[in-house]
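So the structure is just underneath, and the comments pick up after that.
Readers should treat all values here as calculations from the given coordinates under stated rules, not as data from a laboratory. This structure is a prediction, so every number in the text was calculated from the model and none was measured. Don't worry about glycine lacking a Cβ; one is built from the backbone with ideal geometry, like all the others, and counts go over all protein chains shown.
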């Protein structure tokens with residue numbers, strides 16, 4: 001009787017495993033995305049949720065196409081850096097506006113100009129320190145052109161550290177500058193990236 005129970009259990013487990021295998025295969029087939037009639041699904045490299053900016057990193061991606069592979073790569077990085085700079089500028093502008101408003105400086109306009117000028121300098125320096133997190137190159141068979149896909153990132157904390165260093169060196173701003181409050185305001189702006 002013990003042998004019959006074991007062989008029955010083994011048979012049931014084998015049938016369960018086979019059924020589970022079929023179910024998993026069916027689920028995989030259902031998850032495949034197909035384009036509607038008349039459309040072609042495009043696989044864009046170095047794009048998607050894992051390449052979105054969040055509360056820790058500014059991220060962007062770029063695409064470059066050229067008959068020359070090196071030129072395609074340069075175009076892709078140039079496009080990605082321009083996109084990254086735009087995203088950072090938006091966040092920094094929000095930080096400056098909120099910080100200056102919360103501090104209620106008497107010379108608000110001058111302070112804003114000084115902050116903006118210094119942050120542009122920092123941004124130009126920091127963009128050279130971006131980290132490449134994805135890059136793919138393909139050759140387009142119809143045209144013979146090369147396409148280069150890239151995704152880059154820049155740490156928000158590295159950026160705020162560089163900004164602090166530069167802002168604290170400015171004699172006029174140093175009097176009214178509060179790093180902890182500026183950092184808190186910056187982190188609030190970074191949280192907005194995470195939620196978008």
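Side notes on the structure shown:
- Once the Kirkwood radius over Cα pairs is known for region 63-196, the Stokes-Einstein relation at 10 °C and 1.306 mPa s delivers a diffusion coefficient of 96 µm²/s.
- Convex hull volume of region 127-196 per residue (C-alpha atoms, cubic angstrom): 130 Å³
- Packing-based order for 163-171, 136-144, 149-157, using average beta carbon neighbours within 10 Å, highest first: 149-157, 163-171, 136-144
- Projecting label points 7 angstrom from Cα along Cα→Cβ for residue 116 and residue 52 puts them 3.0 nm apart.
- Span from the region 164-183 Cα centroid across to the region 45-111 one, whole angstrom: 22 Å
- Calculated FRET efficiency for the pair residue 141/residue 69, C-beta based, R₀ 25 Å, to 0.05: 0.95
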